[in-house]
There are 2 protein chains.
Amino acid sequence: MKKTCAHKHAEKKQELSSLTGRLRREAHKITSPRAAILEILRHHAHPLTNKEIFAELPKGECDLATIYRAMQLMEELGMVKRFDFGDGSARFKLVGEGDESHHHHLICTRCAEVVEIGECFPEEIERRIARANGFTGVTHRLEFFGLCPGCQK
Amino acid sequence: MKKTCAHKHAEKKQELSSLTGRLRREAHKITSPRAAILEILRHHAHPLTNKEIFAELPKGECDLATIYRAMQLMEELGMVKRFDFGDGSARFKLVGEGDESHHHHLICTRCAEVVEIGECFPEEIERRIARANGFTGVTHRLEFFGLCPGCQK
DNA sequence: AAATCAGTTGCAAACGATTTGCAATTAAAT
DNA sequence: ATTTAATTGCAAATCGTTTGCAACTGATTT
Ligand SMILES: [Mn+2]
Ligand SMILES: [Mn+2]
Ligand SMILES: [Zn+2]
Ligand SMILES: [Zn+2]
């Protein structure tokens with residue numbers, strides 16, 4: 001595992017108030033565990049596993065199950081995006097209010113370093129595939145895997 | 001779930017002898033469970049879960065754990081390809097001897113119908129991403145999701 | 001501020017996919 | 001037929017994730 005974050009992100013941390021506001025708006029409570037989780041997510045640029053979030057939390061601050069429930073809720077509210085890197089555990093990242101930013105990742109198969117990939121293949125390809133097969137609402141999941149510079153030995 | 005197979009594949013079932021040969025070649029035994037598993041894979045065009053394979057097997061023919069072990073072994077030998085559709089269980093499909101056939105799938109999020117997608121985005125994109133980040137041996141995972149014609153109601 | 005009530009939490013048990021330890025079994029070579 | 005390493009069935013163990021439930025707490029109403 002790398003110590004440094006090779007992730008270059010626009011450093012626009014969302015206002016905590018904007019986040020809590022979204023919860024409140026939907027008749028949900030701003031509890032201590034949720035506030036703590038949001039604080040952690042706000043400070044991390046790339047997707048975290050629930051276990052990672054748990055590890056960053058002060059010891060007795062919040063139960064693991066609560067984190068699972070929080071991420072589930074916030075995913076439904078569109079506050080976080082779920083990632084599946086195929087390693088068995090889901091990862092989550094905060095999503096800005098209007099911030100759609102469709103993007104993908106390049107993941108090192110040895111150290112799990114994650115690099116943000118802004119680029120995507122031409123939309124035309126997806127449209128053609130959808131039409132050719134009569135599917136609607138077609139989306140895609142795309143991740144790249146390889147050996148990062150540090151792991152090539 | 002659909003009854004009919006919407007999958008159009010080249011119907012070139014591999015010779016059983018070619019498959020068993022590959023096992024033997026690596027100092028592995030052709031056991032009754034393995035033969036039965038291969039028979040099933042040979043007759044299915046798209047990826048099956050271990051549980052699905054198990055279900056098609058005559059009752060006491062083979063243990064589930066044995067199927068897991070067989071798929072693991074055959075994946076290492078390059079005889080099957082593993083798919084991750086993101087629904088929690090791995091799927092496997094036979095791979096021909098020389099048959100590399102890189103391709104993707106379009107999966108219905110309601111009925112799980114799977115359509116083979118031969119096309120892929122321009123290799124140039126992947127090369128550029130690899131180079132730009134200093135990664136080597138870069139591959140990708142790409143699946144499409146949407147509503148199939150039958151599920152659009 | 002005290003009462004109220006729906007939404008939350010901690011904890012432990014439940015889950016589903018996958019893996020593993022181990023003694024009994026079996027394919028393949030001698 | 002004998003020998004031996006590979007393989008299997010079965011049960012228990014893992015691991016990420018979910019859930020039931022009684023105790024708790026944030027937000028709202030008196
Ligand atoms: Mn990222
Ligand atoms: Mn297929
Ligand atoms: Zn994309
Ligand atoms: Zn591709």
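The values are calculated or read from the model by the stated rules, or taken from the named source; none is laboratory data. This is a predicted model, so every value here is computed, not measured. Don't worry about glycine lacking a Cβ; one is built from the backbone with ideal geometry, like all the others, and counts go over all protein chains shown. These area figures cover heavy atoms from the full protein model, side chains too; ligands, DNA and RNA do not enter into them. Shrake-Rupley method; radii C 1.70, N 1.55, O 1.52, S 1.80 Å.
Exactly one condition in (1) exposed (fewer than 14 other Cβ atoms within 10 Å of the Cβ); (2) at the interface with chain B (Cβ under 7 Å from one of its Cβ atoms) is not met by A:ASP84; state its number.
Looking at each condition in turn, A:ASP84 falls short on (1).
Just the residues that are touching a Phe, Trp or Tyr at 6+ places or on another chain (Cβ under 9 Å), acidic (Asp, Glu) and within 13 Å of ligand 1 (Cβ to nearest atom), please, taken from segment A:114-145.
Within segment A:114-145, A:GLU143 is the sole residue that qualifies.
Assuming B:MET79 fulfils every condition listed in (1) surrounded by 14 or more Cβ atoms within 10 Å (Cβ to Cβ); (2) within 14 Å of another protein chain (Cβ to nearest Cβ) apart from one, which condition is it?
That leaves (2) as the condition not met.
Return the residues of segment B:73-115 that are touching a residue at least 40 places away in the same chain (Cβ under 8 Å), of a type in the set (D, E, K, R) and more than 16 Å from DNA strand D (Cβ to nearest atom); say none if nothing qualifies.
Once the filter is applied, which keeps residues that are touching a residue at least 40 places away in the same chain (Cβ under 8 Å), of a type in the set (D, E, K, R) and more than 16 Å from DNA strand D (Cβ to nearest atom), segment B:73-115 yields B:ARG91, B:LYS93, B:GLU97, B:ARG110, B:GLU113.
Restricting segment B:110-153 to residues that are facing chain A (nearest Cβ under 7 Å) and of a type in the set (A, V, I, L, M), which is most open to solvent (accessible area, probe 1.4 Å)?
Checking each candidate, the answer is B:LEU147.
Within the set of pairs 6+ apart or on separate chains, which have a first residue in segment A:116-141 that is farther than 29 Å from A:PHE92 by Cβ and not assigned by TED's automatic domain parsing to the domain that holds A:LEU48, a second that is assigned to a helix (DSSP H, G or I) and open to solvent by 40 Å² or more (accessible area, probe 1.4 Å), and C-beta atoms under 6 Å apart?
A:GLY134/B:PRO149
Could you count how many residues in segment B:46-72 are over 22 Å from A:PHE85 (Cβ atoms) and in contact (Cβ under 8 Å) with a residue 60 or more places away in the chain?
So the answer is 1.
Do you know which of the residues in segment B:23-37 that are closer than 14 Å to B:LEU73 by Cα and in a helix (DSSP H, G or I) is nearest to ligand 1 (Cβ to nearest atom)?
B:ILE37
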